[in-house]
Amino acid sequence: MSSTWTTEIEVAVPAPRLYKAAILDWHNLAPKIASDKIVSAVLVEGDGNVSSIRQFNLAPGLPFSFVKERLDFLDVEKFEAKSTLLEGGGLGVHLESASTHVKVEPKAGGSVVKVTKTYKLLPGVDVAGEAEKAKAAFSGVVKGCEAYLVANPDAYN
């Protein structure tokens with residue numbers, strides 16, 4: 001049985017800038033602004049467009065050492081993306097599968113990031129409370145990206 005969690009994060013950055021930074025170029029930006037969580041990232045396959053595979057290598061002390069995802073869908077006009085977890089991130093340990101849908105919607109004075117995470121747990125796995133931790137982590141990453149963009153007004157225009 002699949003489960004889902006959703007969250008919304010308001011940011012003081014226009015949707016096009018946030019989408020470019022937090023979705024399209026995240027494999028380059030993340031290690032620079034979230035090095036306490038993401039120590040390095042690389043495009044394993046592709047050029048950053050649909051069907052590309054990105055690997056994020058995580059800092060020691062986090063629950064897993066890396067996350068490898070495939071970009072399944074990108075809509076640069078609607079600021080929307082979908083990805084599927086391929087390796088790491090608890091796949092095969094806690095999760096049978098996981099996917100993420102992110103939509104950045106324009107809002108007066110900034111934008112709203114809407115996230116839907118869908119996952120299927122392996123039999124017998126109980127991850128009570130993990131959805132709240134995942135939401136908080138995702139929110140922290142988005143807020144870090146927001147802080148970077150506010151501090152660097154010429155970036156990702």
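Using a 1.4 Å probe on the protein chains only, how many percent of the accessible area of the chain belongs to carbon and sulfur?
Numbers: 4570 of 8340 Å².
Answer for the chain: carbon and sulfur cover 55 percent of the accessible area.
Computed with a 1.4 Å probe over protein heavy atoms only, the accessible surface of the chain comes to 53 Å² per residue. From its DSSP helices (H runs of at least four residues, each -39,500 (n - 2.57)), the chain gives a residue-normalised ellipticity at 222 nm of -7000 deg cm²/dmol. Relative to one another, the C-alpha centroids of the range 53-72 and the range 1-36 are positioned 14 Å apart.
Roughly how big is the chain's charge dipole about its Cα centre, with Cβ charges of +1 (Lys, Arg) and -1 (Asp, Glu), in debye to the nearest 20? Could you put the intermediate results ahead of the total?
Working: 17 positive and 19 negative charges, 26 e Å.
Value, rounded to 20: 120 debye.
Each of Thr100, Ile38, Phe73 was placed along the dipole of the chain (beta-carbon charges, centred on the mean Cα), and the one lying farthest toward the positive end is Ile38.
List the residues of the range 95-116 whose backbone N lies under 15 Å from a point placed 7 Å from the Cα of Lys133 along the Cα-to-Cβ direction. Label zone hits: 95.
The values are calculated or read from the model by the stated rules, or taken from the named source; none is laboratory data. Given the structure is predicted, the values throughout are model-derived calculations rather than measurements. As a convention, Cβ positions derive from the backbone with ideal geometry for all residues, glycine included, and neighbour counts pool all protein chains shown. Accessible surface areas use protein heavy atoms only, side chains included; no ligands, DNA or RNA. Shrake-Rupley method; radii C 1.70, N 1.55, O 1.52, S 1.80 Å.
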